[in-house]
Amino acid sequence: MTTIESERVAVLGLGAMGRALAGALLAAGRPVTVWNRTAGKADELVARGAREAASASEAIVGTDLAVVCLLDDSTVRDTLGPIAGELSGRTIVNLTSGSPQQARDQAAWVAAHGAAYLDGGILAVPPTVGTPGAFLLYSGARDLFARVEQAVAPLGRPLWVGEDHGHAALYDIAALSGMYGLSAGAHHAVALVAAVGGDVEAFKRDVLLPWLEQMMPFSAGGAEASETIPEEYNAAMQATGLQTMIDASSEVGVADELAGHLHASLWAMRRALAVSG
Ligand code: FVH
């Protein structure tokens, strides 16, 4: 098996994320060609050693590996469609956010034009790309992932999540769902403390963050949860506690959309109780 490691990588799309990806490759000493629909976004990368292509076609020709990071699925089609004839024999790593089915459709379309395809999801934001905390999900043929793993490693820790091209997109969306849920809850928590004139910064530092850290291993029903707290995770008690949370929120005037989600969780618990009890 030969790896695609030190060869020139083309980065198509120089939005905030595309620039960060290209920058991480340059920082790792990799030769990089960049292209963006609108001119003027490559200047800093060119100053750091990137080669700017005048067209997507020019960027693809002369490289075996193209990393695509555009706005959405349809912009990927708009970009690759006109250069379909240039794709044969190359590898496309699409890091544009999309749905699992969009990923499968892109994979089939790319394969029909003689190229190999990995779909990816970026679990990082532009400033953290290329830092130790960043990681990226990839799905598609495992041997193809093995070939490109070293080439994409500078972007963030590469994690292969399955042969199904849709898996990276789904895992990415699932991880974002966890983050947004946590974020919504944290905003609600801060609103409650602010509503009674509490010291929000002290609350975040001394109460909220340590509490979330303590509970994180249990929050998605992790191994620790099932091994250590089966008795304590009492659905009737949780449902009562959630009702108290909803009531307390109303009491201090913080009964917004999140209370609706709390209600939904409460009903889910009640349904679970009805089934189990
Ligand atoms: N930025 C982030 O924090 C998140 C982190 C997780 C992953 N997302 C996804 O990454 C994709 C790109 O996001 P972005 O932050 O780079 O987005 P923008 O800065 O808005 O750049 C968009 C690029 O797409 C190009 N583009 C838009 N429409 C077209 C089109 N019709 N044809 C060709 N290119 C197009 C745009 O070009 P231009 O407007 O500068 O000419 C930018 O290069 C995205 O899927 C996130 O969900 C980022």
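For this structure, a couple of remarks:
- Extended-chain gain in nm, criterion 0.36 nm per residue less alpha-carbon gap, residue 157 and residue 55: 33.7 nm
- Taking other C-beta atoms within 10 angstrom as a stand-in for reagent exposure, 219, 97, 177 fall in the order 177, 219, 97, fewest first.
- For residue 117, distant residues with modelled amide H under 5 Å away: 92
- Computed from the C-beta positions of residue 194 and residue 77 and an R0 of 51 Å, the FRET efficiency is 0.65 to the nearest 0.05.
- Gain on full stretching of the segment that runs from residue 99 to residue 142 - 0.36 nm per residue minus C-alpha separation: 13.4 nm
- For the chain, the relative contact order is 13 percent, taking Cα pairs closer than 8 Å that sit 6 or more residues apart in sequence and dividing their mean separation by the residue count.
- Per-residue extension of 0.36 nm, minus the Cα-Cα distance of residue 111 and residue 88, leaves a gain of 7.4 nm for this segment.
- Antiparallel bridge percentage (DSSP; both residues within region 42-146; nearest 5): 40
- The chain: antiparallel DSSP beta bridges as a percent of all, rounded to 5: 20
- Cα→Cβ-extended label distance, 7 Å offset, between residue 216 and residue 28, nm: 2.4
- Between helix 235-251 and the chain: long-axis angle, C-alpha atoms, 0 to 90°, nearest 10: 90
- Taking the helices alone, the chain has a mean residue ellipticity at 222 nm of -15500 deg cm²/dmol, built from -39,500 (n - 2.57) per DSSP H run of at least 4 residues and averaged over all its residues.
- Sorted by Cβ density within 10 Å, fewest first, the residues 173, 83, 92: 173, 83, 92
- Residues residue 235 and residue 150, FRET efficiency given R0 of 51 Å [Cβ-Cβ distance, rounded to 0.05]: 0.60
- In degrees, nearest ten, helix 167-195 long axis to first principal axis of the chain (Cα): 40
Coordinate-derived values only; no laboratory data. The structure displayed is predicted, hence computed values, not measured ones. Don't worry about glycine lacking a Cβ; one is built from the backbone with ideal geometry, like all the others, and counts go over all protein chains shown.
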